[in-house]
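Data block below; observations after.
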Amino acid sequence: MKVRDLEPALVWRFFDSITEIPRRSKMEDKMVAFMENFAAEHGLRIRKDGANNILITKPAATGLERVKPVILQSHLDMVCDDEEGLNFNFDTDPIKTYVKAGFVKARGTTLGADNGLGIAASLAVLASSDIVHGPLGCLFTTDEESGMTGAHDLDESFLSGYDILINLDNEKWGDFCIGCAGGKTVRGLFDYDEEPAAKGYHWFEVKVDGLKGGHSGCDIHLGRGNANKILVRYLRALRKECSVLLSNIDGGKNHNGISRHAVAVVGVPVSYRERATVLLNLLQSDLLKELSKPDPGVELTISTVNAPKTAIDGDTARRLLDTLYAIPHGVIGMSHDIKGLVETSTNLASIKMEGGVITVVTSQRSSTSSLLTDVCDMVISTFELGGAKVVEEDPYPSWRPDTDSEILKLCRSVFERQFGFTPVVSAVHAGLECGLFLRKHPRLDSISFGPTIIDAHSPSERVEIASVGKWWLFLKDLLRAIPAR
């Protein structure tokens, strides 16, 4: 069965169309053009602001003009990640979807259900002639995945006149989200010189593979392995026994993904050739025990390579590896207010070399602003101790839960009537754009819900088909139930 043949048909057909459109963060022009064509075809009013955010509006059904105006909100971009060696071109190639065992997946890449299904559902509401609703706006933001700059720079007039915002970017069906963590990205930049590779060294490539990765907000508490930290752990063990030259290092891809793959080209004195393999095998054995539950597929490999002409200068290599080993990764603290919720975390996301600079990207999250500052300062201090130049991005705010929210009460009522049980009400450690919208429109009553999406931000991303049908049914009934002002 093909994706566009699934039910609810309209939602899946729009999603199928979206998977054919490149939409890397900061490169959403083709999606914007798609939205403009859609609005023209359906005779709907469309606005675009300076950040390429799109607002498409649809009048109320006859007799519902006094119903509270609602915004359905989703983001246009997706996280782009593929399996090692696939060399998928996210700027030109369509996502290759398939259906298996009750899920929609992609072949070797991220699926883009985050937030492609939110877009698809919004378009389905806009295109339908039989869905009952009051005054409606559908807001599509840009660059959510790499900094939320679309929401940050949103034209405030886009929110004017609306009472309710329904964010369609949650990833667990039956769960109503009313709060999220704030976040910030911190980069450490190491300038390096190339020096001739010393003679008398054995050179090899060491790889870390087989990890699940995942979303650095939703999955950080699962204890999965971070390929960057594992690679540096090996190099640290090697450096304790002999001199180590470093020619190249690379790991991770996205600031909001847990690193699944890392690789380095390393030189050791010829007499330590066998010891380098022994140390790798010892670490592999330890990791298979340590990660037996969260990441049993972890794999470390060594392969001999030709000696490179140059290596990273010794001082920079030493400072870089010491910094990477010392820098924190994972859960820093749990919430004292919501049982089981991560309050503060940090992710050692990626290591890249280009143009004489090694860039280390980290991502911090917290539901408490003072603790977000604290964990960022922890990372910044580590970078500074290692002699790196620090670059800080603008933070995005947390979304403070409101348990007395009117839209939450209505969602509970509609859900219980439909499905016969009480939904979960929660906050998430991931970042949602609602906090930025509330800065611009503090009285906007907000909630987030969506279908079940598993392993977002990784090539294992998949969406449960049955949850999409339930989510769509609920959304239609909720829009019908919105009360008058």
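The values are calculated or read from the model by the stated rules, or taken from the named source; none is laboratory data. Remember, it's a predicted structure, so these values are computed and weren't measured experimentally. Positions of Cβ are generated from backbone atoms using ideal geometry, with glycine treated the same way; all protein chains shown enter the neighbour counts.
Descriptive notes on the structure:
- Within the range 95-111, being outside any strand (DSSP E or B) and either modelled with pLDDT under 95 or surrounded by 12 or more Cβ atoms within 10 Å (Cβ to Cβ) (or both) holds for Ile95, Lys96, Arg107, Gly108, Thr110, Leu111.
- Against the conditions (1) of a type in the set (A, V, I, L, M, F, W, C); (2) under 26 Å from Asp175 (Cα atoms); (3) crowded, with 18+ Cβ neighbours inside 10 Å, Phe421 satisfies every one except (3).
- Residues that are in a helix (DSSP H, G or I), among the acidic types (Asp, Glu) and out of contact with any strand residue (DSSP E or B) (no Cβ under 9 Å at 6 or more places or on another chain) within the range 392-422 comprise just one, Glu416.
- Condition met for Asn89 (without any contact (Cβ under 8 Å) to a residue 40 or more places away in the chain and in the same structural domain as Lys476 (by TED's automatic domain parsing)): yes
- Among the conditions (1) more than 21 Å from Thr346 (Cα to Cα); (2) not assigned by TED's automatic domain parsing to the domain that holds Asp455, the only one that Cys218 does not satisfy is (1).
- For Arg224, the conditions (1) among the charged types (D, E, K, R); (2) farther than 28 Å from Ala307 by Cβ; (3) surrounded by fewer than 19 Cβ atoms within 10 Å (Cβ to Cβ) all hold with the exception of (3).
- Residues of the range 354-391 that are part of a strand (DSSP E or B) and of a type in the set (D, E, K, R): Glu354, Arg365, Lys389.
- Ile447 fulfils the conditions (1) more than 22 Å from Lys68 (Cβ to Cβ); (2) in a strand (DSSP E or B) except for a single criterion, (1).
- When every residue of the range 1-16 is checked against the conditions, none turns out to be assigned to a loop (DSSP other than H, G, I, E, B) and under 21 Å from the mean Cα position of the chain (by Cα).
- The residue list Cys242, Cys218 contains one member that is part of a loop (DSSP other than H, G, I, E, B) and either modelled with pLDDT of 95 or more or in contact with a helix residue (DSSP H, G or I) (Cβ under 7 Å, 6 or more places away or on another chain) (or both), which is Cys242.
- Within the range 178-211, being touching a residue at least 24 places away in the same chain (Cβ under 8 Å), surrounded by fewer than 22 Cβ atoms within 10 Å (Cβ to Cβ) and assigned to a loop (DSSP other than H, G, I, E, B) holds for Tyr192, Asp193, Ala197, Ala198, Gly200, Gly210.
- The strands (runs of 3 or more DSSP E) found wholly in the range 255-353 and carrying at least 2 residues that are over 30 Å from Asp191 (Cβ atoms) occupy 299-304, 330-334.
- Matching residues, the range 135-177, being assigned to a strand (DSSP E or B) and out of contact with any Lys or Arg (no Cβ under 9 Å at 6 or more places or on another chain): Leu139, Phe140, Thr141, Leu165, Ile166, Asn167, Asp175, Cys177
- Number of residues in the range 423-444 that are more than 25 Å from Leu154 (Cβ to Cβ) and in a loop (DSSP other than H, G, I, E, B) equals 1.
- When Glu41, Glu20 are checked against the criterion of being without any contact (Cβ under 8 Å) to a residue 40 or more places away in the chain and among the acidic types (Asp, Glu), Glu41 stands alone in meeting it.
- Pick from the range 58-86, criterion part of a strand (DSSP E or B) and either among the charged types (D, E, K, R) or not assigned by TED's automatic domain parsing to the domain that holds Gly469 (or both), ranking: surrounded by the most Cβ atoms within 10 Å (Cβ to Cβ): Lys58
- Annotation note: of Ala466, Ala456, the sole residue that is within 30 Å of Leu211 (Cα to Cα) and assigned to a helix (DSSP H, G or I) is Ala466.
- Scanning the range 48-57 turns up no residue that is in contact (Cβ under 8 Å) with a residue 24 or more places away in the chain, basic (Lys, Arg) and assigned by TED's automatic domain parsing to the domain that holds Leu123.
- Evaluated against (1) surrounded by 15 or more Cβ atoms within 10 Å (Cβ to Cβ); (2) farther than 18 Å from Asp169 by Cα, Arg485 falls short on exactly one condition, (1).
- Every residue from the range 126-149 that is closer than 30 Å to Gly257 by Cβ and touching a helix residue (DSSP H, G or I) at 6+ places or on another chain (Cβ under 9 Å): Cys138, Leu139, Phe140, Thr141, Thr142, Asp143, Glu144, Glu145, Met148
- Residues of the range 374-395 that turn out to be out of contact with any Cys (no Cβ under 8 Å at 6 or more places or on another chain), at pLDDT 95 or above and closer than 28 Å to Leu436 by Cα, as a count: 10
- Filtered residues of the range 240-266 (kept if under 35 Å from the mean Cα position of the chain (by Cα) and of a type in the set (Gly, Ala, Ser)): Ser247, Gly251, Gly252, Gly257, Ser259, Ala262, Ala264
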